[in-house]
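Take a look at the structure below.
The values are calculated or read from the model by the stated rules, or taken from the named source; none is laboratory data. No experiment lies behind these values; they were computed from the predicted model shown. Cβ sites come from the backbone with ideal geometry, for glycine too, and all protein chains shown count toward neighbours.
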Amino acid sequence: MVEDYWRRCDPAFMDGAGAESFSAFLSRVRLLRARLQDASEAFIVVFAHGQVMQALRLITAMPDADNGTVMALFPTYDRDNPIANIQVIVLSGDDIVDCTVSL
């Protein structure tokens, strides 16, 4: 089912009642990015699921990409750029810096 979802590459697809489309997901992540960029605080901490952070990375790297492009790239990007547990991702302006914190 997961492979079929990504192969379909339809950002508007919703897999049943109450499901979120990839486009809706990206809208939430873009809103997060905009709110972070517009915030007046010098330091903000966001705790989120890894896929939210992956989407944040992608839309920061490619702010003008349409939802279909981001969706087409997402599974490979997610696989090739894993997020470790307790990983810190620093967003500064239009740049992202990753660093992993070891306990």
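Picking from residues in segment 2-11 that are hydrophobic (A, V, I, L, M, F, W, C) and surrounded by 11 or more Cβ atoms within 10 Å (Cβ to Cβ), the one that is farthest from residue 69 (Cα to Cα) is 6. Only residues that are more than 24 Å from residue 1 (Cα to Cα) and part of a loop (DSSP other than H, G, I, E, B) were counted in segment 24-55, giving 10. Counting only residues that are at pLDDT below 95 and more than 19 Å from residue 3 (Cβ to Cβ), segment 69-103 holds 22 of them.
At positive phi and either in contact with a Gly (Cβ under 7 Å, 6 or more places away or on another chain) or at pLDDT below 95 (or both): does that describe residue 9? Answer is yes for this residue.
What do you reckon, is residue 47 within 13 Å of residue 26 (Cα to Cα), at pLDDT 85 or above and among the hydrophobic types (A, V, I, L, M, F, W, C)? Give the steps one after another, and end with the answer.
Values: within 13 Å of residue 26 (Cα to Cα): no; at pLDDT 85 or above: yes; among the hydrophobic types (A, V, I, L, M, F, W, C): yes.
No.
Restricting segment 15-35 to residues that are aliphatic (A, V, I, L, M) and loosely packed, with under 11 Cβ neighbours inside 10 Å, the residue that is farthest from residue 57 (Cα to Cα) is 17. Only residues that are part of a helix (DSSP H, G or I), out of contact with any Leu (no Cβ under 6 Å at 6 or more places or on another chain) and in contact (Cβ under 8 Å) with a residue 12 or more places away in the chain were counted in segment 56-76, giving 12. Inside segment 36-88, residues that are in contact with a Gly (Cβ under 9 Å, 6 or more places away or on another chain) and either within 20 Å of residue 13 (Cα to Cα) or surrounded by 15 or more Cβ atoms within 10 Å (Cβ to Cβ) (or both) make up a count of 2.
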